[in-house]
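Data block below; observations after.
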Amino acid sequence: QKEVEQNSGPLSVPEGAIASLNCTYSDRGSQSFFWYRQYSGKSPELIMSIYSNGDKEDGRFTAQLNKASQYVSLLIRDSQPSDSATYLCAVYTGANSKLTFGKGITLSVRP
Amino acid sequence: DTEVTQTPKHLVMGMTNKKSLKCEQHMGHRAMYWYKQKAKKPPELMFVYSYEKLSINESVPSRFSPECPNSSLLNLHLHALQPEDSALYLCASSQGLFEQFFGPGTRLTVL
């Protein structure tokens, strides 16, 4: 079982829609969860961090964490073409607390 | 300021060359990381320095040699690389198990 799993993509949504990105993790002891956005040819950019159960909102982005279900998600409201990128879920896992990434999902927002 | 800088942006080297990648952060972070990223894959952890000491080496070949001269600087020395080592090399820093901030990366091509 992979440590951090994301939906297989790609995901395509129309402009103005809500994009929903999901991630599950296997290490029940994980405490820190992150979403990174990566444009083609660029480095990952941190867009959300979440540490406790519930929702965390920042502008058009909402991260949701459910530790009981080992599930973290990212909602992007009013999606824009500039949101088109690969989104990486990342979780600190294991005894060494390494940041483990999911495979990423490519989001395309259609004008 | 959440900036991590990396030099050079691009590097082309032959298999017999010796070169170094450099990374710098001024956020006061005490953990610094080297990642390797191949196209359409998530970042893959190579090394972790914590308080200027190497704490994680992910069984990286000895042709990659990390160095942490001080709390703000991280180097990656390269020697006798193979064409399959061509990738985007990313540096990141964090304060403990909190957000990791990535630099822009060095695009390495080994001929």
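The values are calculated or read from the model by the stated rules, or taken from the named source; none is laboratory data. All figures in this text were calculated on a predicted structure; none of them were measured in a lab. Heads up, the Cβs are rebuilt from the backbone with ideal geometry, glycines too, and the neighbour counts pull from every protein chain shown.
Would you mind finding the one in B:LEU81, B:LEU76, B:LEU108 that is more than 23 Å from A:SER97 (Cα to Cα) and not in a loop (DSSP other than H, G, I, E, B)?
Numbers: B:LEU81 fails: not in a loop (DSSP other than H, G, I, E, B); B:LEU76 fails: more than 23 Å from A:SER97 (Cα to Cα).
Matching residue, one of B:LEU81, B:LEU76, B:LEU108: B:LEU108.
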Within the range B:55-69, of all residues that are modelled with pLDDT under 95 and assigned to a strand (DSSP E or B), the one farthest from the other protein chains (Cβ to nearest Cβ) is B:ASN57
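State the number of residues belonging to the range B:94-105 that are in a strand (DSSP E or B) and either under 11 Å from the mean Cα position of the chain (by Cα) or without any contact (Cβ under 8 Å) to a residue 60 or more places away in the chain (or both).
1
For the range A:2-19, does any single residue satisfy the condition of being among the small types (Gly, Ala, Ser), under 15 Å from A:SER82 (Cα atoms), within 11 Å of chain B (Cβ to nearest Cβ) and in contact (Cβ under 8 Å) with a residue 40 or more places away in the chain? Steps first, answer last, please.
Residues of the range A:2-19 that are among the small types (Gly, Ala, Ser), as a first pass: A:8-9, A:12, A:16-17, A:19.
Narrowing further to those that are under 15 Å from A:SER82 (Cα atoms): A:12, A:16-17, A:19.
Now drop any that are not within 11 Å of chain B (Cβ to nearest Cβ), which leaves none.
Looking through the range A:2-19, none of the residues is among the small types (Gly, Ala, Ser), under 15 Å from A:SER82 (Cα atoms), within 11 Å of chain B (Cβ to nearest Cβ) and in contact (Cβ under 8 Å) with a residue 40 or more places away in the chain.
Would you say B:CYS91 is in contact with an Asp or Glu (Cβ under 9 Å, 6 or more places away or on another chain), in a strand (DSSP E or B), within 25 Å of B:ARG30 (Cβ to Cβ) and within 14 Å of another protein chain (Cβ to nearest Cβ)?
On the way: in contact with an Asp or Glu (Cβ under 9 Å, 6 or more places away or on another chain): yes; in a strand (DSSP E or B): yes; within 25 Å of B:ARG30 (Cβ to Cβ): yes; within 14 Å of another protein chain (Cβ to nearest Cβ): yes.
Yes.
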Can you find a residue that is farther than 25 Å from B:GLN37 by Cα, in a loop (DSSP other than H, G, I, E, B) and without any contact (Cβ under 8 Å) to a residue 24 or more places away in the chain anywhere in the range A:83-105? no
Kindly indicate the residue of the range A:22-44 that is part of a strand (DSSP E or B) and within 14 Å of chain B (Cβ to nearest Cβ) and also nearest to B:ALA39 (Cα to Cα) among those meeting that condition. A:GLN38
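Restricting attention to the range A:45-64, which residues are within 14 Å of chain B (Cβ to nearest Cβ), within 21 Å of A:PRO81 (Cβ to Cβ) and among the charged types (D, E, K, R)?
Filtering the range A:45-64 down to residues within 14 Å of chain B (Cβ to nearest Cβ) leaves A:45-52, A:56, A:58, A:63.
Then keep just the ones that are within 21 Å of A:PRO81 (Cβ to Cβ); that gives A:45, A:47-48, A:58.
Within the range A:45-64, A:GLU45, A:ASP58 qualify.
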Looking at the range B:24-50, which of its residues are of a type outside the set (A, V, I, L, M, F, W, C), more than 22 Å from A:GLY104 (Cβ to Cβ) and either out of contact with any Cys (no Cβ under 9 Å at 6 or more places or on another chain) or touching a residue at least 40 places away in the same chain (Cβ under 8 Å) (or both)? B:GLU24, B:GLN25, B:HIS26, B:GLY28, B:HIS29, B:ARG30, B:SER50
Name the single residue that is surrounded by the fewest Cβ atoms within 10 Å (Cβ to Cβ) among those in the range B:1-49 being assigned to a strand (DSSP E or B) and among the acidic types (Asp, Glu). B:GLU44
Single residue of B:LEU81, B:LEU76 found to be in contact with a Pro (Cβ under 8 Å, 6 or more places away or on another chain) and more than 13 Å from chain A (Cβ to nearest Cβ): B:LEU76
